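Step one of this worksheet: look at the structure below.
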Amino acid sequence: MISFFRKFKDGFAKTVSAIAAKTRGLFGGRKIDAASLDELEEALYTADFGVETTEEILTEIKAAYGREKDLQGRAAAEIGAAVLRRVLAGSEGTLDPAPAAAPDGVRRPIVIAMIGVNGSGKTTTAAKLAWRLKQDGKTVTLAACDTFRAAAVEQLKTWATRIDLDIVASHTGADAAAVAFDAWQAANARGRDFLIVDTAGRLHTKSNLMEELAKIRRVLQKNDATAPQHRWLVVDGSLGSNSIEQARVFHQSFGLTGLVVTKLDGTSRGGALVGIYRQLKIPIYFLGLGEQPEDLQPFSVENYVKAVFGLDE
């Protein structure tokens, strides 16, 4: 079985390659000099680590270089990793695999609402998350509530068949909130541990989309006042820092409890998640590092910082 670290290392290969190309392999063994510091600065900006994080990394590396003129690139990578560990402290979201009973003592499904714009990988992520929970021995129902996009409903149905999971769906254009209500009822009646709700990613206007999400939330709360217990935004990592404003808007409207950053294996902008967390302080639960279900990996600060700086496990 491929180790968790290897998944991260492979998933961030494009980011690592881009940094190596711009710094002429600085972290592979070169000594630090003034030119390599300029190269590193450009590389960190290109990888979308953002102004604050880039400046912090460079400040600490320059200070170390000032003390030791023979400073090696490997040591610089370790310094960069230490800065990222500090910046990302508290960023790992942890999904309790054994949901507790509600205050009234009745055990109900834990609801995870997957939110995000079309193209972010939201529907695929919902299916992959269901697969992961199933591998952990949990029972899951999927709710196909992106009824405004025919492809989303069919896509989720296909995934449900592929991974052998319950799904509650309706026809294109059906009331999404009604589907969510029915899905909760079904998941509860069958004693499922989790209900994963795939929501709409686009409507005619942003206000329409936010109202639709609010309606789904209100309907779920008719069944369980605490639902949805998790409200996760799925963001496309290849968009880089442009995702920050998107996340802020959804957070203001829906009160996000977590993030899932996808498509990181296909981009050299692997630093973007640092800026998103730094700005919003929303925990990151999972990263999408490939096409297969097992490529949805729990976020690990340690694996991330070692992967992006090309450090060994």
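The values are calculated or read from the model by the stated rules, or taken from the named source; none is laboratory data. Note that the structure is predicted; figures quoted are calculated from it, not measured. Glycine gets a Cβ as well: all are built from the backbone with ideal geometry, and neighbour counts include every protein chain shown.
Table for the structure above
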quantity	calculated
Subset of segment 42-73 [in contact with a Leu (Cβ under 8 Å, 6 or more places away or on another chain) and either outside any helix (DSSP H, G or I) or farther than 17 Å from Val274 by Cα (or both)]	Ile61, Lys62, Ala64, Tyr65, Gly73
Of the criteria (1) modelled with pLDDT of 90 or more; (2) closer than 30 Å to Val301 by Cα; (3) touching a Leu at 6+ places or on another chain (Cβ under 9 Å); (4) polar (S, T, N, Q), which one Asn188 fails	(2)
Check on Val153, out of contact with any Gly (no Cβ under 9 Å at 6 or more places or on another chain), of a type in the set (Val, Ile, Thr), more than 24 Å from Gly237 (Cβ to Cβ) and in contact (Cβ under 8 Å) with a residue 40 or more places away in the chain	no
Test for Ala81: is it in a loop (DSSP other than H, G, I, E, B), hydrophobic (A, V, I, L, M, F, W, C), at pLDDT 90 or above and out of contact with any Asp or Glu (no Cβ under 8 Å at 6 or more places or on another chain)	no
Top-ranked residue in segment 270-299 [being among the charged types (D, E, K, R) and either assigned to a helix (DSSP H, G or I) or over 14 Å from the mean Cα position of the chain (by Cα) (or both); ranked as nearest to Ser207 (Cα to Cα)]	Arg278
Test for Glu302: is it in the same structural domain as Arg248 (by TED's automatic domain parsing) and in a loop (DSSP other than H, G, I, E, B)	no
Residue selected from segment 210-226 under the condition within 12 Å of Val197 (Cβ to Cβ) and of a type in the set (A, V, I, L, M), by the criterion modelled with the lowest pLDDT	Leu213
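Condition check ((1) among the small types (Gly, Ala, Ser); (2) assigned by TED's automatic domain parsing to the domain that holds Gly255; (3) in a helix (DSSP H, G or I)) across all residues:
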residue	(1), (2), (3)
Arg162	no, yes, yes
Thr172	no, yes, no
Ala177	yes, yes, yes
Leu195	no, yes, no
Glu212	no, yes, yes
Leu233	no, yes, no
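Residue by residue, here is whether (1) small (Gly, Ala, Ser); (2) modelled with pLDDT of 95 or more; (3) touching a Pro at 6+ places or on another chain (Cβ under 6 Å) holds:
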{"position": "Thr94", "(1), (2), (3)": "no, no, no"}
{"position": "Val106", "(1), (2), (3)": "no, no, no"}
{"position": "Asp146", "(1), (2), (3)": "no, no, no"}
{"position": "Arg149", "(1), (2), (3)": "no, no, no"}
{"position": "Ala178", "(1), (2), (3)": "yes, yes, no"}
{"position": "Phe181", "(1), (2), (3)": "no, yes, no"}
{"position": "Leu195", "(1), (2), (3)": "no, yes, yes"}
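Yes/no matrix, rows are residues, columns are (1) surrounded by fewer than 18 Cβ atoms within 10 Å (Cβ to Cβ); (2) under 18 Å from Phe299 (Cβ atoms); (3) touching a residue at least 24 places away in the same chain (Cβ under 8 Å):
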residue: Lys7; (1), (2), (3): no, yes, yes
residue: Val16; (1), (2), (3): no, yes, yes
residue: Ile19; (1), (2), (3): no, no, yes
residue: Ile32; (1), (2), (3): no, no, yes
residue: Ala35; (1), (2), (3): yes, no, no
